[in-house]
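Visitor: Below you will find the structure I want to go over with you.
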Amino acid sequence: MRDDRRAAAVAGDVHQVVPRTRLVVLFGGRSAEHEVSCTTAVSVLRAVDPARYDVVPVAITRDGVWVSAEEAARVLAGPGPAALPPTLKAKGPEVGVLETLALPAGGTPVVVFPLLHGPFGEDGTIQGLCELAAVPYVGSGVLGSAACMDKDTTKRLLVQAGIPVARWIAVRDTDAQTEAAVAALSGAVDADLGWPVFVKPAALGSSVGVRRVTDPAGLPAALAEAFSYGEWVVVEEAIVGREIECGVLGDHPAEASVPGEVRPSREFYDYEDKYVDGRAQLLVPAPLPDHVADEVRRLALAAFTAVRAEAMARVDFFWAPPPADSEGGGPGLVVNEINTIPGFTPISMYPRMWEASGVSYPELVDRLVALALERHARQAGRVGRSRPEPG
């Protein structure tokens, strides 16, 4: 019987022995990182093995409409760069959310791969939707996704776990509406952080809305821009150091990749340097002393655990060598951010660090899908269990 089944598979029998996993790739979204998500999605869609996956690309427009991404399929089928045209949001018929997530008949496994950077996708919202629909999905769960999306919450959890972070002040928009309030904040920066500082939206990534502020005069404009993206902002001390990143993959136990280093071409690694100019240097592996690289991996895993991340994350550091390693000295390794849906193009740091660690891009996708199915199977045994009868 086994030989017959193998022969049928080799002959290309349409009745496959093992059904392909339906991979629903969600991208676009309502956040300011919409274009970044589209670029990431094309890379993933091109990397997946069509013999293993029945890929269903679904775009979410800027106004939250779910559409069948027929344009994405056309881009993938033909030659050209891995980028989606800006007209994508107007293409494809609208699809129902529950219809998209519905489990097909015949036992075909379904996995959602959310590639939605920023709010309304990376922050636990899509993850919660998948949990309600009882559909496996790639990446961190609701708690880890939400905790890592908010920079203030991330820092609080890391501090609680004894992991070093840059000093910061969290500010709500209602507490910075008057000149007197901004002046008070400026005084707090003087006393607790020192200038310059970085002003960032608390719940956004890709360096969108981030400004480096060198003195009190620049604070109002930076706050206004950051608050345009959300009601909470973090004002963070500027650490002069090298930008080091580390990938984390897996669960029970998770693994850390070789570290990489970003060398910005601008004053800091901003949106233009990441996605427009493309002149930043990305070094993998990072040229670090062995003991520093080991500490990067240790801290990356500790941070991953502290924020309840799962399956994958990219942990970003600053490294300002302490006095024992350099003149003047700095705080050493400091965790900057944790990204639960990191950039996923083949040239993005997360896949590149895993490539250097022996995991190819297609293998990385396969492992993430397998992790999603494993977690779903674990949770399925707990959901709906009845309480034992007393006595």
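Visitor: Before anything else, pin down the relative contact order of segment 167-237: Cα pairs under 8 Å, at least 6 apart, normalised by residue count, whole percent.
Guide: After rounding, I find 46 percent.
Visitor: Ok, one more. Which whole-Hz couplings ³J(HN,Hα) result when phi for each residue of segment 162-172 is put into the Karplus expression 6.51 cos²θ - 1.76 cosθ + 1.60, θ = phi - 60°, listed in order with x for Gly and Pro?
Guide: Couplings: x, 9, x, 9, 5, 5, 8, 10, 9, 10, 9 Hz.
Visitor: If you don't mind, there's one more thing I want to ask. If you take the beta carbon distance between E225 and E94 as r and set R0 to 25 Å, what does 1/(1 + (r/R0)^6) give as a FRET efficiency, to the nearest 0.05? Could you put the intermediate results ahead of the total?
Guide: Numbers: r = 33 Å, r/R0 = 1.32.
So the FRET efficiency works out to roughly 0.15.
Visitor: Starting from the Kirkwood radius over alpha-carbon pairs of segment 167-237, derive D by Stokes-Einstein at 25 °C in a medium of 0.890 mPa s and give it in µm² s⁻¹. Don't skip to the end; give the middle numbers.
Guide: Working: Rh = 11.7 Å.
Diffusion coefficient, whole number: 211 µm²/s.
Visitor: Over what distance in Å are the Cα centres of segment 128-201 and segment 290-317 separated?
Guide: Using only Cα atoms, the two centres lie 18 Å from each other.
Visitor: Can you tell me the relative contact order of segment 289-379? Whole percent, Cα pairs under 8 Å, sequence separation 6 or more.
Guide: 20 percent
Visitor: Within segment 215-249, find all residues whose amide N lies under 16 Å from a label point positioned 7 Å from the Cα of Q177 along Cα-to-beta-carbon.
Guide: Within reach of a label on Q177: 224, 227-228, 230-233.
Visitor: Pop a pseudo-label 7 angstrom from the Cα along the beta-carbon direction at both H252 and R52 and give the gap in nm to one decimal.
Guide: 2.2 nm
Visitor: Quick check: net charge around L193, other residues with Cβ under 9 Å of its Cβ, Lys/Arg +1 and Asp/Glu -1?
Guide: Numbers: positive: R167; negative: D190, D192, E236, E237.
Counting the neighbours of L193, the net charge comes to -3.
Visitor: Label-point separation (nm) for S360 and R298, each offset 7 Å from Cα along Cα-to-Cβ?
Guide: Taking the simple label geometry, S360 and R298 are separated by 3.5 nm.
Visitor: Quick one: net charge around A306, please, counting Lys, Arg +1 and Asp, Glu -1 for every other residue with C-beta under 12 Å from its C-beta.
Guide: Working: positive: K155, R156, R308; negative: none.
Every neighbour counted, the sum reads +3.
Here, each number is a calculation from the coordinates, and none is a lab measurement. What you see is a predicted model; the values in this text were computed from it and never measured. Don't worry about glycine lacking a Cβ; one is built from the backbone with ideal geometry, like all the others, and counts go over all protein chains shown.
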